[in-house]
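Quick note: the coordinates plus some simple rules give every number you see, no bench work behind them. From a predicted model like this one, the values you see are computed outputs, not experimental measurements. FYI the Cβ positions are ideal-geometry reconstructions off the backbone, even for glycines, and counts take in every protein chain you see.
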Amino acid sequence: MCAGFVRDWMRREPIVIVEGHGTVLRDVKGREYLDANSSIWTNLHGHQHPKLNAAIQQQLGKIAHSSALGFANEPASLLASELIRVANGDLKPQTAKTANPKLEKVFFSDDGSTALEVALKLAYEFTRRTRGRKSQPRFLSLNGAYHGDTIGAVSLGHIDLFHKAYGGMLFKTDRVMAPYCYRCPFNRAKPERADARAYRKCNFECVGKVEQKFSAQKKRGSSFAAFVFEPRMQGAAGMIPQPHGWLRAVAEIARAHGSLLIADEVMTAFGRTGNRLFASHHEGVQPDFLCMAKGLTGGYLPMAATLTTKKVFNAFLGTYEEFKTFFHGHSFTGNQLGSSAALASLELLQSKASVRARTELQENITRELQSLWEIPAVGDIRQEGLVVGIELVKNWRTRESFALKERIGIRVCDAMAKRGVLTRPIGNVIVLMPPYCTTKRQVQQMISALGEAIVETCPQSPP
């Protein structure tokens with residue numbers, strides 16, 4: 001956290017949350033708020049969900065945690081089996097030219113950063129063992145990428161605000177253009193009052209840039225060990241969605257060049273982006289590494305998982321004295337309480353009631369968002385399933401941005417909090433990502449508070 005952010009935080013009295021039920025949070029002073037970002041993108045089913053509570057309480061009557069280093073436990077074993085089942089069964093019928101792999105192995109860890117660290121280290125060593133020990137595996141990720149705060153994950157990231165200060169500690173990775181239709185230099189369309197993906201005029205140059213990057217690496221005598229991406233929507237970059245077809249196209253390019261795919265679904269998994277559990281599967285893409293965290297336990301406990309193939313797993317098999325094993329572990333790997341909560345959450349997610357609730361919530365959000373187009377400071381509204389980013393601008397006709405020092409996003413969120421709605425901005429982008437139990441009336445309250453906060457906070461540009 002930069003010094004300016006720390007100073008601002010210390011100057012104000014924090015909202016101290018003491019209780020929650022469904023979409024409603026309550027602070028120490030008894031004030032109620034709607035949780036409009038699912039407690040930083042984690043909570044799926046709402047706070048104090050009886051099924052999740054019961055699963056944890058039942059497990060507490062047995063054991064809270066035991067080591068997974070050389071041992072196993074029942075909840076984690078059942079969870080691994082269920083994750084493999086849904087990860088392979090959820091996939092849209094294949095349309096890619098290159099066959100999708102089957103995910104068969106699970107490595108548990110603690111959070112999104114560690115899920116990416118696991119994939120990164122496995123891909124690195126797998127590449128060295130299959131291409132030769134003298135190879136120097138390199139990774140390709142997207143401009144604006146954010147994959148966590150551990151050193152490996154930061155090395156994959158390309159947001160200077162978060163990552164530049166640690167440049168001397170990182171290993172070098174390559175970056176390539178990410179799609180950003182609203183601000184794409186190749187988009188010839190004039191701004192309209194709609195999601196920029198709907199009216200863009202381009203020739204998918206962002207896909208061509210990926211092809212050029214892989215071809216350039218091939219000319220150097222090797223291919224990238226892996227291509228790392230957030231599918232369908234880049235979160236910390238500013239809730240930037242990818243146009244339909246981009247993911248499938250770049251996945252085929254990467255596979256054609258012999259690179260592994262690492263999908264960072266820490267934010268996008270478990271129904272966040274639509275009617276499939278995993279965002280990659282909307283376009284028929286199955287990665288070699290599927291990384292998940294945040295919503296894995298329904299937002300109750302820290303837990304993560306990295307799914308991969310038997311081919312990767314087998315590269316680490318050998319006799320004891322060969323020491324080919326994957327030397328990587330966490331004290332709370334496969335924690336029983338987290339596993340029990342995750343199993344209950346997965347059962348809920350696959351129920352007809354949950355699928356119906358998510359569909360209705362998406363429709364309610366889409367409908368209510370339309371009113372925001374009347375506000376001149378709204379430049380782009382980006383919705384992917386149940387994830388929304390509203391980009392605020394000085395002038396929607398020119399896409400002119402607010403300067404970071406104006407703190408527009410923070411000020412709008414402060415104004416929303418005064419109206420009983422909690423969320424956090426990403427720069428000038430306001431994020432909405434409510435729990436799946438959010439009612440139609442609560443959606444109306446969230447978006448009404450947002451609209452009022454924007455009008456109150458932002459200088460009025462021409463209509």
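From the residues Ala251, Asn88, His147, which one has its Cα farthest along the dipole of segment 63-349 in the positive direction, the dipole being from +1 and -1 charges on Cβ of Lys/Arg and Asp/Glu about the Cα centre?
Ala251
For the residues Asp35, Asp111, what sequence is obtained by ranking on other C-beta atoms within 10 Å, fewest first?
Values: Asp35 26, Asp111 20.
Sorted ascending by nearby Cβ count, the order is Asp111, Asp35.
Per the helix-only calculation at 222 nm, which mean residue ellipticity applies to the chain, given -39500 (n - 2.57) for every DSSP H run of n ≥ 4 and division by its residues, nearest 500 deg cm²/dmol? All intermediate terms of the calculation are to be shown ahead of the outcome.
Values: 15 runs with 165 residues, N = 463.
One gets -11000 deg cm²/dmol as the mean residue ellipticity at 222 nm.
In what sequence do Phe162, Phe327 fall when counting other Cβ within 10 Å, fewest first?
Values: Phe162 14, Phe327 9.
Ranking Phe162, Phe327 by Cβ neighbours within 10 Å, fewest first, gives Phe327, Phe162.
Please provide three numbers in whole Å: the alpha-carbon extents of segment 124-165 along the principal axes, with the largest listed first.
Sorted largest first, the three principal extents are 36, 18, 14 Å.
Project the alpha carbons of the chain onto their principal axes and report the range along each, largest first, in whole Å.
Extents along the principal axes, in whole Å: 68, 59, 45.
What is the ratio of the Cα radius of gyration of segment 269-343 to 2.2 N^0.38 Å, with N the residue count, to two decimals? Could you put the intermediate results ahead of the total?
Values: Rg = 15.3 Å, N = 75, 2.2 N^0.38 = 11.3 Å.
Taking the Cα Rg and dividing by 2.2 N^0.38 Å, one obtains 1.35.
Return the Cα extents of segment 232-366 along principal axes one, two and three, sorted largest first, each rounded to a whole Å.
Between the extreme Cα coordinates on each principal axis of segment 232-366 lie 59, 41, 27 Å.
Give me Cys413, Cys202 sorted ascending by neighbouring Cβ count inside 10 Å, so fewest comes first. Intermediate values should be presented prior to the final figure.
Details: Cys413 22, Cys202 16.
Ranking Cys413, Cys202 by Cβ neighbours within 10 Å, fewest first, gives Cys202, Cys413.
Cα convex hull of segment 94-150: how many Å³ per residue? Numbers along the way, then the final one.
Working: hull volume 8.7 nm³, N = 57.
Expressed per residue, the convex hull around the Cα atoms of segment 94-150 is 153 Å³.
What relative contact order, as a whole-number percentage, does the chain give when Cα pairs under 8 Å and 6 or more residues apart are counted?
Values: 879 pairs, mean separation 101.9, N = 463.
After rounding, I find 22 percent.
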